[in-house]
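Here's the structure we're looking at; comments come further down.
The values are calculated or read from the model by the stated rules, or taken from the named source; none is laboratory data. Since the structure is predicted, the reported quantities are computational estimates derived from the model, not experimental observations. Neighbour counts are summed over all protein chains in view; Cβ atoms, including those assigned to glycine, are modelled from backbone coordinates with ideal geometry. These accessible areas exclude ligands, DNA and RNA; they are computed on the full protein's heavy atoms, side chains included. Shrake-Rupley method; radii C 1.70, N 1.55, O 1.52, S 1.80 Å.
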Amino acid sequence: MSKRKDSCSFCGRSGVPLFEGLDGACICPDCIEQGHLLIAEENKKKEKRQAGTDFSLGSLPKPQQIKDFLDQYVIGQDEAKRYLSVAVYNHYKRLALVEGAAVPGQAQAYKDVEIEKSNIIMVGPTGTGKTLIARTIAKMLTVPFTIVDATVLTEAGYVGEDVESILTRLYQEADCDLKKTERGIVFIDEIDKIARKSDNPSITRDVSGEGVQQAMLKLLEGSVVNVPPKGGRKHPEQEFVHINTQNILFICGGAFDGIERKIAQRLNTQVVGFEATQKAQVIDKDNLLQYVAPQDLKAYGLIPEIIGRLPILTYLQPLDRASLRNILTEPKNAITRQYQKLLSLDGVELTFEPEALDYIVDKAIEYKLGARGLRSLTETVMMDLMYEIPSQHVSRFTVTRALAEEKISRADTNRIRNAV
């Protein structure tokens, strides 16, 4: 008969309740709980690795369902949301065909047709929701999704990040699963920041502009890229992961500040002759971005090779007053709802007068801050209130227009503008 121990066989602690097993082995409650947590975490990782491994188009969200989900968080921008919803759904269908999944109703006549991916580029002013759309759609995807910033990229061999770091982040997002990485989606933000600085030849290299665009060509079109799995600079001793980008969908977004001048120049060249007056009336000069074309991107500084690898071009509308007003209250994560939830944890019911919200919108339009300005202005109004209300033991509070005017007028407008 084995001798009973008075300490845990795992952690060695004594003086605690023990559970005895065979041959006198004992375990304490803390070790049991720790083991349970480790098993639960491992099971969660296993489920995450297995998620999305098999594609069944019948269970995947259709384009209309994807757009309906985006409508819950993003106000307006129907055109861009439709483009993105169709692109994501087509990406799913393409993956299903590549992996040999059964596709209901697939015609035998098109069995040998190979579907090429269609990368997207979105053009829109700052604060119109390009990054928000990308972050929102990532919530419902069953494939790895990552958002990277093009402003930190430089040509290989220079200070900054190599273009391959884009795939490093996707690889890490896929839990270092190569198969999942090779069918993911990448959103490259601030693509306009790598535009060619000038058409004139220079004695110095454009290592953060045209050099980055040249390096991105192989990623966008589809090739096998050597990627350092942990990021950082490449060196001979480091092992690489070979990632095939053939089935990775790239979505690019940028503000392209000043591209309206390029569009206006192109449109004006066509408005000549006897029909000049009639054509000039058709053009909406207040929203020239809707007429954006690939040649405008080329004039802005993108090289033709990279424009050709981004065949789908869409735009985001500038936000009008009605859209900004709805952004304050309608989305699930509206800034006003966030503050109401924060104060509800202190037992305070927070309300906003419609006139106060109108004043915030008017100031955002005045400062030309876009949707991001709404948050800066709202936080300016709420900062002192969030400091005082939890200590006042009140059950409800209303933000009035007079209060909003007082807080914003006292604030440093330059600080508000720089916060965006």
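Here are some notes:
- Of all accessible heavy-atom area on the range 126-187, the percent that carbon and sulfur account for (1.4 Å): 52
- Gain on full stretching of the segment that runs from E379 to Q392 - 0.36 nm per residue minus C-alpha separation: 2.7 nm
- Label-to-label distance, E355 versus D68, with points set 7 angstrom from Cα along the beta-carbon direction: 4.0 nm.
- Applying a threshold of 31 Å to the alpha-carbon distances of K117/K341; K81/K363; K44/K230; K62/K180 flags K117/K341 as lying beyond it.
- Amide hydrogen neighbours beyond the local backbone of Y315, cut-off 5 Å, H modeled: V123
- With 18 Å as the limit on Cα-Cα distance, the pairs of K262/K298; K139/K332; K262/K285 all stay inside it.
- Between K368 and R13, the simple label model (points 7 Å from Cα in the Cβ direction) yields a spacing of 6.3 nm.
- Spacing of the two label points (7 Å from each Cα toward its C-beta) at Q34 and R261, in nm: 6.5
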